[in-house]
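Beneath this line is the structure, given in structure tokens, with notes to follow.
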Amino acid sequence: MSGDIKTEQYVNVPNKGLFFVALGGVGEIGMNFYLYACDGEWLAVDCGVGFAGDRLPGVDMLLPDPSFAETIAPRLKGLVITHAHEDHIGAVAAFWSVLRCPVYVSAFAGEMLETRLDEAGLLGRVPVHVFEQGDLLELSPFEIEVMPVNHSIPEASSLLIKTPYGNIFHTGDWRFDDDPVVGNPADYKALSALKKEKILALVGDSTNVFVEGDIPSESAVKTALTEVFAGYAGKRIIVTCFASNVGRIESIAEAAEKNGRTVCLLGRSLWRVEGAGRAAGYFKGINVFLTDEEAAELDPSEVVYLCTGCQGEPKAALSNISYGTGAVKPVKGDLVVLSTHAIPGNEQAIANIQNRFIAKGIEVVTVKDALVHVSGHSGRKDMEKLYHFINPKIAVPVHGEAAHLYEHADLAVSCGVKNTVIIKDGDVLSLSSEKPEIIGEVKTGVLVKDKKQIIPLNAGILKQRRRMIDDGTVVATVVLDKKGKIVGDVQFSAVGLIEESDPVFAQMNDAVKSALETLPCEQRFEDRYIEDTVKSAVRKIVMQTHGRRPLVNTHLVRI
């Protein structure tokens, strides 16, 4: 990413003209954080997180660096959230003290945000304005029409952003669904009418640009789930899906009811979404969900257990069940349904869970076996349809890795778009002239949320943590007397690296003593020389004997 650019290379965004800046969400899937500038006034769209995976051990999530947003915060008219997925809303609580602007959300997104603000101690302090889809948000010089689209979460919206320089269609995450479980079918007539708006630029989702053909409706998933459940009468059924997918939860609940079952929710995030969904008017006509205690009083054949952990999260409900430590104890012949797809990087974790179930004789059904999942993002066919509907002059692909962005640009050209621009996070894109132009870049980068602290991605403690996992850690305790001579043997701790009975400890002891004895007398009274000498000696021995270069810490005691 561009976070390592020197400060003198950063550009000042002019106070005249129309500009687009992505602080996150370009070159990666997640961390969506977009800014629009019009004659010196600013608008933010989405403020989300990304997920670290195994490459950053112990890290909860990734966040875009808000440093530039802080510089323009006094001129920020508002933050508009397109939908309630964490990669679009998850950083609002963390960054609002920087942005300090009104936040505009749908009813469901507002319920989800309220929980986050409460956890951060910000409830009641952040000015949150709830809009209805179809509303016009007057944030001069921006006028924003909130347009409903289909997605895997309720109340997803595209934004028609009107400015004196032209109109921008910001898609957010979207797809066309002619028979959704939640929300209304795609309004092709309203989209086609956008041609009259003379769209200057489409800033668009690139996630599924490689997906050919039609993406089935969510209603087709409900039908498939009903049929799958019917084949396991008398058996225990366990299902997992994305917790935020209210439509999928309703599909699972209706499929369960048609088979004489009631859904039991297992996992805190599912209960959080259930509460937000009911508060926003969803789950009407759906039986009240069971707790695990209530489900325990019923025969397993009367229950569908809906679990968190569809991405193989190690502490989630599905993982615990696969190990036999969860609230549910499936047996041979029972069924596990993965009503989900693997986010890139999670494939192995999900496969491990599947294998644990299969090894116990528990059947596993995935999208390879039945239509138990569909994507919430548009494929190529829908993207082409959208381009022909609105006919933008410029296409700016976002929400994707490099391969997605370039493929999206090629697709836009094939749809007759005259100008396409591939940007990266931090680029300042001018949209106020006949041809779009990148005029420079602003500070951007990646932060990480490490439990209760937010630190840079390149922080020393993260480098040390990765080093500890890869090569281990050795702590050497050295005692020196008043003359700088070593007293007794060096004591070592190398948990998870070297067995206590390993003779290498004796070798390290001899190597450290020998190295310290060669130090000039005056250097023995300066801690840094002692520490460097110990580290060098220990690493040399461990490399020779174990092939690793451990992180070495020296505990120096002078008596």
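The values are calculated or read from the model by the stated rules, or taken from the named source; none is laboratory data. All values derive from a computational prediction rather than experimental measurement. Ideal geometry is used to build each Cβ from the backbone, glycine not excepted, and the neighbour counts take in all protein chains shown. The protein model used for the area step is the full one, side chains on, heavy atoms only, and it has no ligands, DNA or RNA in it. Shrake-Rupley method; radii C 1.70, N 1.55, O 1.52, S 1.80 Å.
With the helix formula -39500 (n - 2.57) applied to DSSP H stretches of n ≥ 4, the chain reaches a computed 222 nm mean residue ellipticity of -9000 deg cm²/dmol.
Near PHE51, the amide H atoms lying under 5 Å from its own belong to LEU62; only residues 5 or more places off or on other chains count, and H is placed 1.01 Å from N.
Legend: residues TYR165, TYR104, TYR387, sorted from most to least accessible area (1.4 Å probe; ligands, DNA and RNA excluded), read TYR165, TYR104, TYR387.
Each of the peptides 527-535, 212-220, 149-157 was scored by the mean count of other Cβ atoms within 10 Å over its residues; in descending order, highest first, they stand as 149-157, 527-535, 212-220. Distance between the 7 Å Cα→Cβ label points at ALA402 and SER219: 4.3 nm.
Sequentially through the range 110-123, phi angles give Karplus couplings (6.51, -1.76, 1.60; θ = phi - 60°) of x, 5, 5, 5, 4, 4, 5, 5, 4, 4, 8, x, 10, 4 Hz, Gly and Pro residues having no value and appearing as x. Geometric descriptor of the chain, per residue, is 192 Å³ (volume of the convex hull of the Cα atoms). By the equivalent-ellipsoid construction on the alpha carbon gyration tensor, the range 132-253 comes out with semi-axes of 36, 14, 12 Å, ordered largest to smallest.
Distance between the pseudo-spin-label points of GLN348 and TYR323 (7 Å out from Cα toward the beta carbon): 1.8 nm. Within the same chain, aspartates and glutamates fewer than 8 places from LYS162 are excluded, and of the rest, those with a Cα less than 14 Å from its Cα are ASP39, GLU41, ASP135, GLU138, GLU143, GLU145, GLU197.
Accessible area per residue of the range 77-175 at 1.4 Å probe, in Å²?
Using a 1.4 Å probe on heavy atoms only, each residue of the range 77-175 averages 33 Å².
Using 1/(1 + (r/R0)^6) with R0 = 30 angstrom and r between the beta carbons of LYS196 and LYS418, what's the FRET efficiency to the nearest 0.05? Using R0 = 30 Å, I get an efficiency of 0.95. At R0 = 35 Å, how high is the FRET efficiency between ARG549 and LEU519 if r is their beta carbon distance? Nearest 0.05 is fine. Rounded to the nearest 0.05, the efficiency is 0.95. Excluding same-chain neighbours fewer than eight residues apart, the lysines reachable from LYS483 by a Cα-Cα span under 18 Å are LYS513.
If you place +1 on the Cβ of every Lys and Arg and -1 on the Cβ of every Asp and Glu, how big does the dipole about the Cα centre of the chain come out, in debye to the nearest 20?
Working: 57 positive and 73 negative charges, 250 e Å.
My answer is approximately 1200 debye.
On the beta carbon distance between GLU119 and ILE559, with R0 = 56 Å, the FRET formula returns roughly 0.70. Rolled with a 1.4 Å probe across the full set of protein chains, the surface gives ARG524 an accessible area near 40 Å².
Taking the Cα centre as origin and putting +1 on Lys and Arg beta-carbons and -1 on Asp and Glu beta-carbons, what dipole magnitude results for the range 111-165, to the nearest 20 debye? Show your work: numbers first, answer last.
Numbers: 3 positive and 10 negative charges, 41 e Å.
Dipole of the range 111-165, to the nearest 20 debye: 200 debye.
Stretching ALA506 away from ASP532 to a fully extended chain increases their span by 7.4 nm, per 0.36 nm per residue minus the current alpha-carbon distance. Taking 0.36 nm per residue of separation and subtracting the current Cα-Cα distance, fully stretching the chain between GLU143 and LYS189 would add 14.4 nm.
Across the options ALA403, VAL367, CYS310, the greatest Cα extent toward the positive end of the charge dipole of the range 292-440 (unit charges at beta carbon of Lys, Arg, Asp, Glu) belongs to ALA403.
In the chain, taking the dipole from charged Cβ atoms about the Cα centre, the farthest positive-side position among VAL103, GLY324, ALA412 is held by GLY324. Dipole size of the range 188-254 about its Cα centre, with +1 on Lys/Arg Cβ and -1 on Asp/Glu Cβ: approximately 160 debye, rounded to the nearest 20.
Placing pseudo-labels 7 Å out from each Cα toward the beta carbon at ILE454 and LYS284 gives an inter-label distance of 3.8 nm. Here's the list of lysines a cross-link from LYS424 could span, going by alpha-carbon distance under 23 Å and ignoring same-chain residues fewer than 8 apart: LYS6, LYS16, LYS393, LYS435, LYS443, LYS449. Across the options LEU551, ASN208, LEU194, the greatest Cα extent toward the positive end of the charge dipole of the chain (unit charges at beta carbon of Lys, Arg, Asp, Glu) belongs to LEU551. Amide hydrogen proximity for THR420: with H placed 1.01 Å from N in the peptide plane, the residues at 5 or more positions away or on another chain lying under 5 Å are ALA395.
Could you rank TYR406, TYR10 by how accessible they are, 1.4 Å probe, largest area first? If you can, show how the numbers build up before the last one.
On the way: TYR406 130, TYR10 55 Å².
Of TYR406, TYR10, the descending order of accessible area is TYR406, TYR10.
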